[in-house]
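What follows is calculated from the coordinates using simple rules that are stated; it is not laboratory data. The model shown is predicted, which means the values in this text are computed figures rather than measured ones. Here the Cβ positions follow ideal geometry from the backbone for every residue, glycine too, while neighbour counts run over all protein chains shown.
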Amino acid sequence: MQCADHPAELPPAAADPASAAEQLQAQNLALRNELDLLRDALERMPHGMCAFDGQDRLVIANARYRKIWCLPDEVVRPGATFRQIMDATPGRETAASRSRPPPASGSEGTRWREWQLDDGRLVEVVVSRRADGSCVALHEDVTEQRQAQERINFLARHDLLTGLPNRGVLREEIERALVGNRRGEPMALLCLDLDRFKPVNDTYGHAAGDALLKQVAQRLRECVREADVVARVGGDEFAVVQRGGVQPAGSSSLAQRIIEVLCRPFELEGHVVHIGTSVGIALAPHDGEDPETLQRNADLALYRAKSDGRGTLSYFEPEMNDRIEARRGLENELRSAINERQFALAYQPRFDLRSGQVVGVEALLRWQHPKRGVVQPGDFISLAEETGLILPMGRWVLEQACRDALSWPGHVTLSVNVSVVQFLHGAVLPDVMHALAATGLPARRLELEITESTMIKDTPTVLAALHALRDKGVRIALDDFGTGFSSLSHLRSYPFDHLKIDRSFVRDAPERPDLCAIIRGVAVLAEGMNMQTTIEGVETAEQLRAVRPLGCGAVQGFLLGRPMPAAALAGVIAKPTEWCEPCLPPQQQNPQRAG
Ligand code: C2E
Ligand code: MG
Ligand code: MG
């Protein structure tokens, strides 16, 4: 194809007039062809194009140009002045057009312009002016391109599900608020973590969980003022940057409003669900002068709010840092405790209330710390769960306890406590099977104690593991019954062999007939469901006397036997307790001290 840079080759000039005329005709034809080609190319190009001469009169423009600007043919005609065309052109130059320099690729006479049309479209114009004053301009409708770019920018900075700013934007917003804070504008950072979100997600599915998060985001948006920013920083974690107001009163009332608003029921596909939130608050500049410190401290405060019982707010306090440091130290020590074999098991007997015989023994973990002495599970189990260290610890407990139980009479059951974390990692079944195989203890002599919190964490996983364990012959006990949700549906859907009634019911039983009525009711219920019952935590003869006639099968507590080393257990098992009728304190058999 010929083009302007490579003009059509013209025939050489001829000597006689006739052939000169023919030549001219041929030249004309060639030029016309070339012009047609150029026009065709001009009409087909995706850009709008127009050219003005040195006197600012239109020389040529393509249809795309007229279409982009919605200009009628009578305006865009050769000879029309630049001003006439501009007067008919809709829209105005954008702010970007005034601030942005010409594109780097443009020659010296190239200018970049951007126009916003009245209908909202954006048009980019690149004008190249020549030395004689004439110019050529290329026009492009960049509306879709810009919208796509804006969408990409939005997605990079926002959470897809809720449309809230993401963690990156939160950081920028904290930084901006901190600039204001340095000029004296109060600011607070609120970190939120939803309570009971996971059960909703697990029960109703992820689509419902997503819908819930969207509703939460909307309620949060409605709680804050325009100057504040709400961001989603993780699964069920949100943050609010609060600017201005009076602190701490402002953040306290915002946090209370948020807690109150998120406590209200949510409707999800016909179900009514209840969640809630805990809020941790850090105030600048006192609790941090940079985004990292402020966020870390608000998180520490949140951690405290959650452990204070959820649905509460907590402000950062410097001691929280010390506690975290102490916890970190404990975590390191716990790690090395596993390698250095600093764990031991204490065993607490469980007595049959009729025969006085030991019918079971519960294994209780002890940490023999080289400096602190014996550390009780209440001081390290939750840390072990959070760090995952409970997995190797739990494995060790199972195997060691099964090994020790081999030396007890065959009718004595071994009870081992297992944590929800072991279930969620799918560790319980393989660890139990390994322990039984390695020691040779019959499965029917092993009982696993779980608490109700295990069941609400991940119902299908836990349920499947419990059924598999029972199929192998292992018994399942529900520990601390009465302290969790104590839902009857748990009793219906989970395969329990044994209910252990929490010691909180026993403590005041001698003076409280209502507590006795509860224990009696649970005993009847359990018997009807073919489950055994044990009353935990009996410490005094009065308590034993009060609970013994209530229909439970067994009793466990300091009165009859404290947790003791394996070696001390043989003597206790060999000598049944003789219940002393009618007032019933047993023939005490020197309660052993903890091992
Ligand atoms: P738990 O399973 O309910 O165990 C009974 C706890 O009550 C034991 O505390 C025991 O020493 C204590 N206790 C027994 N009788 C009495 C009594 O008459 N009065 C009082 N006040 N307390 C009594 P311990 O050994 O400190 O264990 C606390 C909890 O730690 C256990 O509660 C159990 O949930 C957990 N735990 C213990 N060992 C393990 C383990 O190997 N793995 C896991 N995952 N958790 C364990
Ligand atoms: Mg237990
Ligand atoms: Mg218990």
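Numerical summary
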| item | result |
| --- | --- |
| Nearest 10 degrees, 0 to 90: helix 206-223 Cα axis against the chain principal axis | 70 degrees |
| Per residue convex hull volume, Cα atoms of the range 220-297, in Å³ | 99 Å³ |
| Amide H contacts of L499 (H built 1.01 Å from N, under 5 Å, at least 5 apart or other chain) | L478, Q532, T533, T534 |
| FRET efficiency for R182 and E325, using Cβ-Cβ distance with R0 set to 35 Å, rounded to 0.05 | 0.75 |
| Amide hydrogen neighbours beyond the local backbone of V359, cut-off 5 Å, H modeled | R350, F351, D352 |
| Radius of gyration and Dmax over the Cα atoms of the range 347-586, both given in Å | 17.4, 51 |
| Relative contact order for the range 158-316, counting Cα pairs under 8 Å that sit 6 or more residues apart, in percent | 29 percent |
| Shape category assigned to the range 239-340 from the gyration tensor of Cα positions, a/c cut at 1.5 | oblate |
| Contact order normalised by residue count of the chain, Cα under 8 Å, 6+ apart, percent | 8 percent |
| Share of alpha-carbon pairs per 10 Å distance bin for the range 269-416, given as whole % | 10, 26, 23, 22, 14, 5, 1 |
| Pairwise centroid distance, computed over Cα atoms, of the range 45-65 with the range 182-235, Å | 54 Å |
| Cα pair count fraction exceeding 18 Å, expressed as % - the range 434-550 | 54 percent |
| Over the range 289-344: Rg over Rh, Cα atoms, Kirkwood Rh | 1.14 |
| Cα-based helix-to-principal-axis angle, 249-263 vs the chain, degrees rounded to 10 | 80 degrees |
| Cα centroid separation, the range 350-428 to the range 148-173 (Å) | 48 Å |
| Cα principal axis extents for the range 354-399, largest first, Å | 42, 24, 18 |
| Dipole of the chain, positive direction: furthest Cα of P291, P370, G250, with charges on the beta-carbon | P370 |
| Using a Förster distance of 30 Å, the FRET efficiency for K67-D87 (Cβ separation, nearest 0.05) | 0.95 |
| Distance histogram for the range 158-316 (every C-alpha pair counted, 10 angstrom bins, percent rounded to whole numbers) | 12, 43, 34, 10, 1 |
| Magnitude of the charge dipole, the chain, Cβ model with Lys/Arg +1 and Asp/Glu -1, debye to 20 | 1560 debye |
| For the range 446-522 versus the range 296-330, the gap between their alpha-carbon centres in whole angstrom | 31 Å |
| Unit charges at the beta carbon, dipole of the chain: most positive-side option, V462, P199, I519 | I519 |
| Where only alpha carbons of the range 339-448 are counted, the Rg and the Dmax (Å) | 14.4, 44 |
| Residue order, fewest to most beta carbons within 10 Å, for S419, S128, S278, S19 | S19, S128, S419, S278 |
| Convex hull volume of the chain per residue (C-alpha atoms, cubic angstrom) | 272 Å³ |
| Degrees between helix 459-471 axis and first principal axis of the chain (Cα, 0 to 90, nearest 10) | 40 degrees |
